[in-house]
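Engineer: Okay, here's the structure, questions in a sec.
The values are calculated or read from the model by the stated rules, or taken from the named source; none is laboratory data. Quantities reported herein were computed from a predicted structural model and do not represent experimental measurements. Reconstructed Cβ throughout: ideal geometry from the backbone, glycine too, with neighbour counts over all protein chains shown. Please note that ligands, DNA and RNA were not included when accessible areas were found on the heavy atoms of the full protein model with its side chains. Shrake-Rupley method; radii C 1.70, N 1.55, O 1.52, S 1.80 Å.
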Amino acid sequence: MRAIVKSAVCLAALAGMVDGVALAAPAVTVQPWGKTPAGQDVKIITLTNDHGMTVRVITYGGIIQSVEAPDRAGHVQDLVLGFGTLDGYTKDSAEGGLFFGAMIGRYANRLAHGTFTIDGKSYHTDLTDPPNALHGGKIGFDKHVWTLVDTKKNAKGASVKLRLVSPNGDQGFPGTLTTDITYTLDENNALSLHYQAMTDAPTVLNLTNHSYWNLNGEGSGSIENEILQVNAERYTPTDSTSIPTGELAAVDGTPLDFRKPTRIGDRLRSDFAQMVYARGYDHNWVVDGAYGKAPRPAVSVYDPASGRTLDVSTNQPGAQVYTSNSLTGKYVGISHRAYRQTDALAIEAEHYPDSPNHPSFPTTELRPGQKFDYTTIFKLGTR
């Protein structure tokens, strides 16, 4: 939690003011946050900076539990959907497979029929979205307690590193895989997620974060009035089961053309076949520019009501943008309000869906001696 300085105006001037409160320098704290049903201890790590932003991460699932940031008037709100207790993640929402704020692996997004081939040998993972596998099997990275490796802070920001070792054969995937994720909150209100992984045998890997964003505040209702821009001339069309056809199609002339800032709700109810399949937006865009190098601009969101902006940059090849089409009101979040369709926008920077079964797509194979090394940055601001 941010420290409150109640007295000296000079300290307020140095630290910055939000909601009339002077803020301390970047900080990181670690606290217990309950036990899983299996009795494993879970911790919550709080990252703060001196500009009114707070990020909380829990070791269960590597979940981003909350992201608090000021609006144009300096009023601080939580901007991601989530729950105030561990049970919300381990029991309640886990039944729905909605992955609130979670780290996704080993394979984010879908694998056709749960099957892939490496070096001529076929492997299979459970069908969690029949007839396909979704987000890494029945017990993916989102359902494990990650190890807290370390925390750091300095004048430029605060960070925490989590680690998960996935054994050979886990959910059907070959190789023992060691994954590190470092969450860093800097002095520019940017939250970076740095993914690193290594394997001892050839495998496939696709990692992302599945936070649901609402820039007008968690529980505030639909994001249809938010303005979206996606820096992509192409996307990967799918069949009716959300598996890519293999084509990289132009967005021009389709409801998926967000090359210019466009209100999300303007074409949300289009009869375009891709929109009907997904019941809204749930598509992978091919981010313009070279991947695997420095993060480049991918997705931008602006909320006219609050004035908040979110700029997402990544060195992953694609970005899945999802209008929370499967939220039905079954789950109630921190605000004590039910979450419904279009109440948030998930922005999942990742490799393309079903890449192992499409040789023309950027490879998701990882081999011994190679390092999976990608970064996605979520930068909050106002205007």
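Engineer: Six or more apart or on different chains, Cβ atoms under 6 Å: show the pairs whose first residue is in the range 286-299 and among the acidic types (Asp, Glu) and whose second is in a loop (DSSP other than H, G, I, E, B) and at pLDDT 95 or above.
Structural biologist: Qualifying pairs under 6 Å: 288/231; 288/232.
Engineer: Where residues in the range 273-287 are open to solvent by 60 Å² or more (accessible area, probe 1.4 Å) and not basic (Lys, Arg), which of them is farthest from residue 253 (Cα to Cα)?
Structural biologist: So the first thing to find is which residues in the range 273-287 are open to solvent by 60 Å² or more (accessible area, probe 1.4 Å), and the list is 276-277, 279.
So of that shortlist, the ones also not basic (Lys, Arg) come out as 276-277.
On the way: 276: 16, 277: 18 Å.
By that ranking, first place goes to 277.
Engineer: Being part of a loop (DSSP other than H, G, I, E, B), closer than 18 Å to residue 208 by Cα and open to solvent by 40 Å² or more (accessible area, probe 1.4 Å) is the filter here, so list the residues in the range 103-146 that pass it.
Structural biologist: 128, 138, 139, 144
Engineer: Going by what's in this entry, would residue 217 be described as assigned to a loop (DSSP other than H, G, I, E, B) and surrounded by fewer than 19 Cβ atoms within 10 Å (Cβ to Cβ)?
Structural biologist: Details: assigned to a loop (DSSP other than H, G, I, E, B): yes; surrounded by fewer than 19 Cβ atoms within 10 Å (Cβ to Cβ): no.
No: the conditions fail for residue 217.
Engineer: Might you let me know whether the range 232-245 holds any residue that is closer than 30 Å to residue 68 by Cα and open to solvent by 10 Å² or more (accessible area, probe 1.4 Å)?
Structural biologist: Within the range 232-245, the first condition is being closer than 30 Å to residue 68 by Cα, and the residues that meet it are 232.
Going one step further and asking which of them are open to solvent by 10 Å² or more (accessible area, probe 1.4 Å), we end up with none.
No: zero hits.
Engineer: Look at the range 235-292 and say how many of its residues are of a type in the set (Val, Ile, Thr), within 29 Å of residue 131 (Cα to Cα) and not in a loop (DSSP other than H, G, I, E, B).
Structural biologist: The initial filter retains those residues of the range 235-292 that are of a type in the set (Val, Ile, Thr), namely 236, 238, 241, 243, 245, 251, 254, 262, 264, 276, 286-287.
Narrowing the set further to residues that are within 29 Å of residue 131 (Cα to Cα) leaves 236, 238, 241, 243, 245, 251, 254, 276, 286-287.
Still in the list and also not in a loop (DSSP other than H, G, I, E, B): 238, 276, 286.
Total satisfying the criteria: 3.
Engineer: Also, quick follow-up: Quick check: anything in the range 179-201 touching a strand residue (DSSP E or B) at 6+ places or on another chain (Cβ under 8 Å), part of a loop (DSSP other than H, G, I, E, B) and open to solvent by less than 40 Å² (accessible area, probe 1.4 Å)?
Structural biologist: yes
Engineer: (1) open to solvent by less than 20 Å² (accessible area, probe 1.4 Å); (2) under 12 Å from the mean Cα position of the chain (by Cα): which one isn't true of residue 99, the others all being true?
Structural biologist: Every listed condition holds for residue 99 apart from (1).
Engineer: Can you name every one of the strands (runs of 3 or more DSSP E) wholly within the range 1-102 that holds 2 or more residues which are at pLDDT 95 or above and among the hydroxyl-bearing types (Ser, Thr, Tyr)? Give the derivation first.
Structural biologist: On the way: elements: 27-35, 41-48, 54-58, 64-70, 76-78.
So the answer is 41-48.
Engineer: Give the number of residues within the range 293-303 that are outside any loop (DSSP other than H, G, I, E, B) and of a type outside the set (Gly, Ala, Ser).
Structural biologist: Going residue by residue through the range 293-303, those that are outside any loop (DSSP other than H, G, I, E, B) are 296-302.
Next cut, of a type outside the set (Gly, Ala, Ser) only: 296-297, 299, 301-302.
Matching residues across the range 293-303 total 5.
Engineer: Quick check on my filter: what residues within the range 157-176 are under 30 Å from residue 122 (Cα atoms) and out of contact with any helix residue (DSSP H, G or I) (no Cβ under 8 Å at 6 or more places or on another chain)? Quick ask: steps written out before the conclusion?
Structural biologist: Kept after step one, since they are under 30 Å from residue 122 (Cα atoms), are these residues of the range 157-176: 163-176.
Once the filter is applied, which keeps residues that are under 30 Å from residue 122 (Cα atoms) and out of contact with any helix residue (DSSP H, G or I) (no Cβ under 8 Å at 6 or more places or on another chain), the range 157-176 yields 163, 165, 167, 168, 169, 170, 171, 173, 174, 175, 176.
Engineer: Could you say which residue among 352, 322 is open to solvent by less than 60 Å² (accessible area, probe 1.4 Å) and farther than 30 Å from residue 69 by Cα?
Structural biologist: Numbers: 322 fails: farther than 30 Å from residue 69 by Cα.
So the residue among 352, 322 that is open to solvent by less than 60 Å² (accessible area, probe 1.4 Å) and farther than 30 Å from residue 69 by Cα is 352.
Engineer: Also, quick follow-up: Given the options 150, 186, 180, 126, name the one that is charged (D, E, K, R) and within 27 Å of residue 236 (Cβ to Cβ).
Structural biologist: 126
Engineer: Further, regarding this structure: I want to confirm something. Restricting to the range 305-346 and keeping residues that are among the charged types (D, E, K, R) and in a loop (DSSP other than H, G, I, E, B), which single residue is farthest from the chain's Cα centre (by Cα)?
Structural biologist: Filtering the range 305-346 for residues among the charged types (D, E, K, R) gives 308, 311, 330, 337, 340, 343.
Retained after the next criterion (residues that are in a loop (DSSP other than H, G, I, E, B)): 337, 343.
Values: 337: 22, 343: 16 Å.
Filtering the range 305-346 for residues that are among the charged types (D, E, K, R) and in a loop (DSSP other than H, G, I, E, B), the one farthest from the chain's Cα centre (by Cα) comes out as 337.
Engineer: Looking at the range 158-171, is at least one residue in a strand (DSSP E or B), open to solvent by 10 Å² or more (accessible area, probe 1.4 Å), in contact (Cβ under 8 Å) with a residue 40 or more places away in the chain and closer than 30 Å to residue 309 by Cα? Walk me through it before giving the result.
Structural biologist: Pass one, the range 158-171, residues in a strand (DSSP E or B): 158-166.
From what is left, the residues that are open to solvent by 10 Å² or more (accessible area, probe 1.4 Å) are 159, 161, 163-165.
Pick out the ones that are also in contact (Cβ under 8 Å) with a residue 40 or more places away in the chain and you get 159, 164.
Then drop every residue that is not closer than 30 Å to residue 309 by Cα, which leaves 159.
Yes, the range 158-171 has at least one match.
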